[in-house]
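As structure tokens, the structure follows; a few thoughts come after it.
The values are calculated or read from the model by the stated rules, or taken from the named source; none is laboratory data. Quantities reported herein were computed from a predicted structural model and do not represent experimental measurements. Neighbour counts run over all protein chains shown; Cβ positions are idealised from the backbone, glycine included.
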């Protein structure tokens, strides 16, 4: 305890939950939920104290991810940063379907450990009886048969490269993907910047794409909409680029 106080000065930390009596670990009493006063502060560490002794099964702290200081990302020189990564403050704001796995998994660290660690939608029931191929893009044309999610970048930036990982999705990967973006300067909800046009995907592999549209290369992006067609699963998505001040 003395070492912790000396290194982290935890004796000066704020109290989020005061001393509170706990109940035994039976099914009916084992879960405890506590509200924390909204201080509008960003926390990096918590210290759990138990009195006088005993056991705790799990501790979870729920909140809103905050990006690291912009100076840290700007100070990386020419290195590309994963602007949408959860560890850099990226969050999922919306989705059409999350039958098997939530799209927030897309921005987690490392590769997915299984299909449940990615985003997978249910099979759409409105697939046409006859599948047609778009002659311009080579992807299957399902008309309205699409699923989507919206991701907010941790910090705005210029996206240069996109990585899409279908790890573990071997027979249930989407036919294609589209990534559209919204500028940080936009006042509406218009995803009118195409970072990745309709593109075929393959099973159980990492796909790397360059952002080639001059308009996209000049825009500071704050949000992206990822659309898969017609359904299926993705493991991870990375948006590599340069952070910009808002």
Here the residues within segment 1-57 that are outside any helix (DSSP H, G or I), modelled with pLDDT under 85 and either more than 27 Å from residue 68 (Cα to Cα) or touching a helix residue (DSSP H, G or I) at 6+ places or on another chain (Cβ under 7 Å) (or both) are 1
Restricting the search to segment 58-98, which residues are part of a loop (DSSP other than H, G, I, E, B), in contact with a strand residue (DSSP E or B) (Cβ under 6 Å, 6 or more places away or on another chain) and at pLDDT below 75?
67
Single residue of segment 101-114 satisfying the filter (in contact with a helix residue (DSSP H, G or I) (Cβ under 8 Å, 6 or more places away or on another chain) and surrounded by 15 or more Cβ atoms within 10 Å (Cβ to Cβ)) that is nearest to residue 146 (Cα to Cα)
101
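For (1) out of contact with any helix residue (DSSP H, G or I) (no Cβ under 9 Å at 6 or more places or on another chain); (2) at pLDDT 95 or above; (3) crowded, with 17+ Cβ neighbours inside 10 Å; (4) part of a loop (DSSP other than H, G, I, E, B), each residue gets a yes or a no:
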| site | (1), (2), (3), (4) |
| --- | --- |
| 128 | yes, no, no, yes |
| 136 | yes, no, no, yes |
| 159 | no, yes, yes, no |
| 162 | yes, yes, yes, no |
| 168 | no, yes, yes, yes |
| 189 | yes, no, no, yes |
What are the pairs, 6+ residues apart or on separate chains, where a residue within segment 14-31 that is exposed (fewer than 10 other Cβ atoms within 10 Å of the Cβ) has its Cβ under 7 Å from a residue that is in a loop (DSSP other than H, G, I, E, B)?
19/51; 20/34
If you check 91, 81, which single one turns out to be within 25 Å of residue 158 (Cβ to Cβ), touching a residue at least 24 places away in the same chain (Cβ under 8 Å) and over 12 Å from the mean Cα position of the chain (by Cα)?
81
Return the residues of segment 99-108 that are over 10 Å from the mean Cα position of the chain (by Cα) and part of a loop (DSSP other than H, G, I, E, B); say none if nothing qualifies.
99, 100
Would you say residue 221 is surrounded by 15 or more Cβ atoms within 10 Å (Cβ to Cβ), in contact (Cβ under 8 Å) with a residue 24 or more places away in the chain and closer than 22 Å to residue 92 by Cα?
yes
Test residue 155 against the criterion of being in a strand (DSSP E or B), more than 27 Å from residue 125 (Cα to Cα) and modelled with pLDDT under 95, and give yes or no.
yes
Regarding residue 194, is this residue surrounded by 14 or more Cβ atoms within 10 Å (Cβ to Cβ), more than 18 Å from the chain's Cα centre (by Cα), in a strand (DSSP E or B) and modelled with pLDDT of 95 or more?
yes
